[in-house]
Structures are given as structure tokens and as C-alpha cells.
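Participant: Okay, here's the structure, questions in a sec.
Quick note: the coordinates plus some simple rules give every number you see, no bench work behind them. Computed from a prediction, not measured in an experiment: that's the story for all the values here. Here the Cβ is made from the backbone with ideal geometry for all residues, glycine too, and neighbour counts use every protein chain on show.
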């Protein structure tokens, strides 16, 4: 947290933290990206499975899904996380742009034009972030596995889909 507070201004960082952990500033602008819970679950499953330093998971997907639906994984409950940020979506004072991963994948240009405030230098920061290398003491990993909308269909059984739908949708 200290690193975030002391970072140079006009900087950008990506986080999965709940809203209440993010230090807020009236000068900051925020983009919150929500994702389909099924795709989020699949992405999180592979993230934990493939990264031993991050709550390593070596169990079956069905067990992981149960923990995901119960909100018992790192970052707590998926829906609590959404609900923590959601009230700020129309709060002009907090400068939070709320969108979905699916909408961004369909048309990122439209999404960025839809913002009622501007983010200067996003393309520059994107290119800069791509050029950064992780610290040498971190294990190697791919941060983005596929990024495909609807990839959950290749992993969820009919029963798993029905269970998640009954619980949340």
C-alpha cells in the first residue's frame, strides 16, 4: 500500500483490490472493469493453478468453483467486490468509469470515447507497461492466459453452469 501512496503522480497501476483498500484522491481517475463471473472463475482458476507464489491451487476445478461461489478464495467474494465498486459508477466526484470486459473486447475505442472524462496518455502507458519486466525475484508467469470472452463454455459442465446460475444469476 505504501508503494501506491508514494508513487509518482500521473502514474497508473492495475489492481484487483476492493474499493475500500484503494487510496482515493480527488485528482485520480479510475476505470473499473467487471467481467462475466464464469469467465472470471476460469481465469482465476488458471491464475492460481499456474502461479505457485499466488495461493497455489492444485485441486479439481469443481472444488475451486465451490470455493468461488462461496466467496472463500483470495480477494473474497466476486459479487461483494463488484458491489463495492458499483455505487461509484455514476459518482462524478470519484471519477470512476465502470465498464465490462466484454464491452471493451467488442469495441475498446467506443468504450474509451464513452468516458465523460479523459485519460491522457493511456496508449503511452500501455506501451510502457508492455515494456516493463517483472522483478527478477518473482517467478515467471503469463499475466494474461487467453482473454477470450465466453471461454467458460470450454470448461464448465452443464451442472456447474446451472449451479452458478442458480446461485448468482
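Participant: In nm, to one decimal, how far is the modelled label at residue 153 from the one at residue 70, with both set 7 Å along Cα→Cβ?
Facilitator: Taking the simple label geometry, residue 153 and residue 70 are separated by 3.1 nm.
Participant: Taking neighbour counts of Cβ atoms within 10 Å as a proxy for exposure, in what order, fewest first, do 16, 155, 81, 24 appear?
Facilitator: Details: 16 10, 155 16, 81 19, 24 13.
With the sparsest Cβ surroundings first, the list reads 16, 24, 155, 81.
Participant: Multiplying the sequence separation of residue 77 and residue 62 by 0.36 nm and subtracting their Cα-Cα distance, what value in nm do you get?
Facilitator: Details: separation 15, 0.36 × 15 = 5.40 nm, distance 1.69 nm.
3.7 nm is the gain from fully extending residue 77 to residue 62.
Participant: Tell me, 148, 42, 31 in order of fewest to most beta-carbon neighbours within 10 Å? Walk me through the intermediate numbers first.
Facilitator: Details: 148 13, 42 24, 31 17.
Exposure proxy ranking, most exposed first: 148, 31, 42.
Participant: Grab the Cα-Cα distance for residue 86 and residue 161, subtract it from 0.36 nm times how many residues apart they are, and report the gain in nm with one decimal.
Facilitator: Details: separation 75, 0.36 × 75 = 27.00 nm, distance 2.45 nm.
Residue separation times 0.36 nm, minus the Cα-Cα distance, leaves 24.5 nm.
Participant: Then there is this: So how do 32, 168, 79, 156 line up by other beta-carbon neighbours within 10 Å, fewest first?
Facilitator: Numbers: 32 18, 168 11, 79 14, 156 21.
Placing the least packed residue first, the sequence is 168, 79, 32, 156.
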